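What follows is a short report on a single structure.
The values are calculated or read from the model by the stated rules, or taken from the named source; none is laboratory data. Everything numeric here is computed off the predicted structure, so don't read it as measured data. Using ideal geometry, Cβ is built from the backbone for each residue, glycine included, and neighbour counts are taken over all protein chains shown. For the accessible areas, the whole protein counts, side chains as well, though only heavy atoms, and no ligand, DNA or RNA atoms are used. Shrake-Rupley method; radii C 1.70, N 1.55, O 1.52, S 1.80 Å.
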Amino acid sequence: MTQKLRIGSRSSKLAIIQAEIVRSAIAAKLPGLAIEIVPIKTSGDKILTPSLAEIGGKGLFIKELEQALSEGSIDVAVHSMKDLPATLAPEFRIVATPERENPRDALIAADGVSLKSLPKGAKLGTSSPRRKFLALRVNPGLDVVPLRGNVDTRLSRVHSGELDAIILAIAGLKRLGKLSETKHQELDEREFIPAAAQGALAIEALAGSQICDSSEIEKAIDALNHPQTVSETAAERAFLASIQASCVTPVGVKATHTDGTLVIRAILFSAEGSRSLEDEMSDRVAVRDWKSAVAIGEKLGAGMISRGARELLDEN
């Protein structure tokens with residue numbers, strides 16, 4: 001093939017590794033295609049204030065990538081799907097969702113203790129309101145402090161003793177090759193519900209035209225879709241959209257597709273974490289029936305709205 005595919009990615013080490021995962025998968029299907037990874041430094045990478053909410057939320061991790069798509073300087077963008085808004089702008093589309101990595105969170109503590117057994121006043125680092133409030137439900141005596149920066153920077157704050165523990169996504173640790181060498185406790189997703197689409201990647205492109213004007217490239221990228229991952233993340237994102245959650249809303253939602261049944265659980269916190277609302281729903285859904293998966297996510301959201309979720313959301 002004489003065409004070239006340009007993959008846009010955040011410039012962080014983890015983001016480049018994720019883009020390389022996608023590049024390798026496409027190359028396996030189209031061995032003759034020239035594929036370039038284009039690193040792009042986003043506003044979210046440049047501004048390291050403790051709270052994402054102060055600078056505009058997770059949308060700042062995709063702004064420059066979507067601008068590059070619009071300008072035609074890249075053909076597709078690879079994102080951590082949890083960084084995407086629940087509803088994309090109409091000029092963009094998700095063209096593929098590869099198989100999801102482990103969606104759970106991990107506790108990394110200096111002496112390997114569990115979340116519950118950390119002593120009163122122990123400093124736990126996270127800038128995620130969801131992780132903060134879930135951690136305080138398990139251990140109310142924790143002193144939760146803001147934490148941003150790349151994975152190595154965050155881990156170093158535990159190793160140096162500056163923090164007693166931090167919470168990170170298992171998927172990132174695994175993709176960086178750090179999971180096996182890092183003492184960690186995998187947090188039960190029923191007690192510690194992950195962020196929507198945590199562990200999943202999204203390949204984004206412009207809507208309304210084929211990628212590189214090539215049906216062959218379009219089909220190769222479409223083939224990267226993992227049906228179970230598409231079903232689960234579609235339900236999770238539909239739930240977020242139905243409650244009109246922002247990218248900084250303290251909310252966790254996890255869908256699990258097993259043997260033809262889709263189960264989805266969610267938890268929503270008020271702005272200060274003093275109040276919360278939980279719910280769960282399940283139904284028989286074929287793994288490729290993505291419209292029904294979306295419908296279940298929307299139904300769960302509507303049910304939580306009827307039970308007072310709007311009051312909690314209005315506080316955020």
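Values as computed for the structure displayed
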| read-out | value |
| --- | --- |
| C-alpha long axis of helix 290-304 to longest principal axis of the chain, angle in ° | 30 degrees |
| More than 32 angstrom apart: percent of Cα pairs within the chain | 27 percent |
| Among the listed pairs Lys82/Lys219; Lys116/Lys183; Lys254/Lys299; Lys120/Lys178; Lys29/Lys219; Lys29/Lys82, those beyond 21 Å (Cα-Cα) | Lys82/Lys219; Lys120/Lys178; Lys29/Lys82 |
| Inter-centroid distance (Cα atoms) of segment 77-149 relative to segment 236-302, Å | 17 Å |
| Computed over segment 211-261, the ratio Rg/Rh where both radii use C-alpha atoms and Rh is Kirkwood | 1.13 |
| Among Leu134, Leu118, Asn102 the positive-end extreme of the charge dipole of segment 66-139 (Cβ point charges) | Leu118 |
| R0 of 45 Å, Cβ-Cβ distance Ser117-Ile305: FRET efficiency to nearest 0.05 | 0.75 |
| Ranked packing of 230-237, 212-219, 105-112, most packed first, by mean Cβ within 10 Å | 230-237, 105-112, 212-219 |
| Dipole magnitude of the chain, debye to nearest 20 (Cβ charges: Lys/Arg +1, Asp/Glu -1, about Cα centre) | 480 debye |
| Segment 141-280 - Debye-derived log10 I(q)/I(0), Cα point model, q = 0.11, 0.17, 0.22 Å⁻¹ | -0.58, -1.16, -1.40 |
| 1.4 Å probe accessible area per residue over the chain, in Å² | 44 Å² |
| Accessible surface of the chain, 1.4 Å probe, proportion on carbon and sulfur as whole % | 49 percent |
| Farthest toward positive dipole pole in the chain [+1 Lys/Arg, -1 Asp/Glu at C-beta], among Val158, Ser270, Ala255 | Val158 |
